[in-house]
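The values are calculated or read from the model by the stated rules, or taken from the named source; none is laboratory data. Owing to the predicted nature of the structure, the values given are computational and were not obtained by experimental measurement. Positions of Cβ are backbone-derived with ideal geometry, glycine not excepted, and every protein chain shown enters the neighbour counts.
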Amino acid sequence: MAVFEKMEQLVSLLKEAGYEAVFIAPSPDLEYICGLDCLPDERFKGLLVTDRGRFFFMTPKLYLEEMSGIAGDPSLCEVWEDHEGFVGAFINGCKKVGLESGKIAFNDAVRAVDMLKISAAMDGIVCCDGEELISPLRSVKTEEEISLMGKAAKVADDTLAEVVKYIRPGVTERWIEGKLTEIHNDLGKGVCRHISHIVASGPNAALPHYNGGERVIGERDVVLIDFAGRYGSYFSDMTRTFFVGEPSEEEKKIYEIVLEAQTAGERAVHAGVSAGEVDRVVRKVIEEAGYGDYFPYRVGHGVGISVHETPFIKAFNKHILRPGNVFSIEPGIYLPGKFGVRIENLVAVGYDGSAVVLNKLPKSMLVLS
């Protein structure tokens, strides 16, 4: 993950896209390119790279030590102070790297007002949308990156296997959230960080992105847990649905349909198949069972240095899966006012072209006594 290695790949993308430069503000893009994970605030900062491989870091003075540590040389940093604004320093940096005209792509972490200031101050510069410029690099993981994501998935598996011991009638969703964070951070031993979670029980499980937490889990309840954590810079993302006490016949039926759909999706993955085709295979199972209207979202999303990135496993997406792609397969059925079921694993396209399921926690129905 050396800064120059990633920059060489980025330079190739710039040339292909016809941009003279790209500016990358603090974001997963910046962390991916040079390893810098700094606080995104209103101050203009980041990295500019030209199509000739020249670069400089923009930094407010209070971030100078952090930026110069990544740059390896303070002379590669253009420094500005709050009382003077950033535009003069940006122009100076562009002159140093020979960039006085042309198209600069800006990633989606740059504020529109900052782009407008640059556009107004630099007559020969055209500010362009660079939101998707780095996606092709980030979407293809190296074997080392896939290994890191496998470790993140292992901690997630172990966490959920431990958390189920605490799910019982009388505890709240919020309390389970706390145990999830506590156990994940403990098992992660300082390397993994807990990021986000959904703990939804009973009718709340029918809300795919439920954001509550105060409901008390009852007898014969459904509990859906979806959570993401990081191992180093790389995310895990997984979901399991559990049953407190014997599930109803309807709950058993829905679970089996979702399980069949999710497994079909994993089996459909291989190099050369389109993302849209994987979505079609999964969706067909649920539609043929009569529940197509109760599956209201795409089948999955890419995961890596962000929890949501390309490729997106959605209908009509012509993206051809290739070795190094890693994404979720997470179908669900959600019956309003009753319950919902979702099962999610991360799947990588291995370098032999086959599917590699990163999560190992069993998907079979688990009834908690």
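Out of Ser236, Ser248, Ser274, report the one residue that is within 25 Å of the chain's Cα centre (by Cα), under 27 Å from Leu368 (Cβ atoms) and modelled with pLDDT of 95 or more. Even if it seems obvious, please write down each step before you answer.
Working: Ser248 fails: within 25 Å of the chain's Cα centre (by Cα); Ser274 fails: under 27 Å from Leu368 (Cβ atoms).
That would be Ser236, the only listed residue that is within 25 Å of the chain's Cα centre (by Cα), under 27 Å from Leu368 (Cβ atoms) and modelled with pLDDT of 95 or more.
Determine which member of the set Val140, Val110 is touching a residue at least 40 places away in the same chain (Cβ under 8 Å), within 26 Å of the chain's Cα centre (by Cα) and closer than 30 Å to Ile225 by Cα. Walk me through how you get there before you give the answer.
Values: Val110 fails: closer than 30 Å to Ile225 by Cα.
Sole residue among the options that is touching a residue at least 40 places away in the same chain (Cβ under 8 Å), within 26 Å of the chain's Cα centre (by Cα) and closer than 30 Å to Ile225 by Cα: Val140.
Would you list the strands (runs of 3 or more DSSP E) that sit entirely within the range 227-332 and hold 3 or more residues that are over 16 Å from Ala205 (Cβ atoms) and in contact with a Leu (Cβ under 9 Å, 6 or more places away or on another chain)?
On the way: elements: 238-244, 300-302, 309-313, 326-329.
Counting at least 3 such residues, we get 326-329.
Can you name the residue in the range 128-155 that is touching a Leu at 6+ places or on another chain (Cβ under 8 Å) and either basic (Lys, Arg) or closer than 29 Å to Phe106 by Cβ (or both) and is also surrounded by the fewest Cβ atoms within 10 Å (Cβ to Cβ) among such residues?
Across the range 128-155, the extreme among qualifying residues is Pro136.
From (1) without any contact (Cβ under 8 Å) to a residue 12 or more places away in the chain; (2) under 21 Å from Val164 (Cα atoms); (3) of a type outside the set (Gly, Ala, Ser), pick out the condition that doesn't hold for Glu288.
Looking at each condition in turn, Glu288 falls short on (2).
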